[in-house]
Amino acid sequence: MAKLDVKGKNNNLIFIFGSGSFEELTELVKSRVENNKQLFSGSSVLFQGDGLKNLSPEELIALQKICLDYGMILNNMTIASAPAVRSERKSPTPSRDLMIYKTLRSGQKVHSDGSIIVWGNVHESAEITAARDVVVLGRLEGLAHAGCFGDLSSTIFALTLTPRQLRIGDRISRSSGKIIKNPYPEIAYVEGDSICIREYSNRDNLNK
């Protein structure tokens with residue numbers, strides 16, 4: 001039987017996942033939140049527990065999306081036992097991927113010579129530049145530049161993609177000013193001379 005404990009610590013709610021299938025854990029999360037929406041809405045949430053070991057990155061993202069949908073904040077998502085979201089491309093040099101376990105506030109700027117993975121939100125005037133991929137496990141509202149040294153095979157992923165500006169290599173896509181928050185994760189990639197955005201299913205489908 002699946003198990004989920006919720007504890008409060010240092011102004012955070014800690015979701016401690018025990019064993020169980022993805023479907024069982026999903027139902028537990030929804031049940032706990034539905035029974036006390038006032039407690040969970042606006043709260044900072046951390047994921048922990050051995051039950052995360054058997055989840056795929058896509059399943060972990062889906063659980064985090066549930067929290068966002070109920071108004072929670074993904075904060076300092078330190079998950080030692082969970083698989084990290086990684087690019088499958090091989091690099092001839094050691095990885096310089098940067099993991100950020102917090103929300104990037106307005107005015108903050110971050111750069112990496114590898115990929116950048118943010119376990120939180122990226123506010124409107126925050127900026128991210130990465131030589132490879134940009135992955136935001138939260139809301140991306142600021143500027144994100146993937147493949148900043150010219151790698152057009154790089155991608156930008158977010159649970160909620162409402163950016164001020166996207167760049168991949170030398171391609172640029174600006175916000176139209178109309179904010180549309182789709183209820184599913186999205187990925188941006190280069191096709192021809194343009195940056196395309198679509199619902200995320202599997203990166204392999206991009207033929208990268």
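The values are calculated or read from the model by the stated rules, or taken from the named source; none is laboratory data. Keep in mind the model is a prediction, meaning the values are calculated, not measured. Glycine gets a Cβ as well: all are built from the backbone with ideal geometry, and neighbour counts include every protein chain shown.
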Worksheet item: Among the residues of segment 183-208, how many are at pLDDT 80 or above and touching a Phe, Trp or Tyr at 6+ places or on another chain (Cβ under 9 Å)?
Response: 11
Worksheet item: Taking the condition modelled with pLDDT of 90 or more, closer than 24 Å to Ser154 by Cβ and within 18 Å of the chain's Cα centre (by Cα), does Val85 pass?
Response: no
Worksheet entry | Which numbered condition Ile180 fails, given (1) within 20 Å of the chain's Cα centre (by Cα); (2) among the hydrophobic types (A, V, I, L, M, F, W, C); (3) modelled with pLDDT of 90 or more | (3)
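Is it true that Ile16 is assigned to a strand (DSSP E or B) and either within 20 Å of the chain's Cα centre (by Cα) or surrounded by fewer than 19 Cβ atoms within 10 Å (Cβ to Cβ) (or both)?
Values: assigned to a strand (DSSP E or B): yes; either within 20 Å of the chain's Cα centre (by Cα) or surrounded by fewer than 19 Cβ atoms within 10 Å (Cβ to Cβ) (or both): yes.
The answer is yes for Ile16.
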Item to complete: Would you point out which residue out of Lys30, Lys90 is outside the structural domain of Thr155 (by TED's automatic domain parsing), at negative phi and modelled with pLDDT of 80 or more?
Response: Lys30
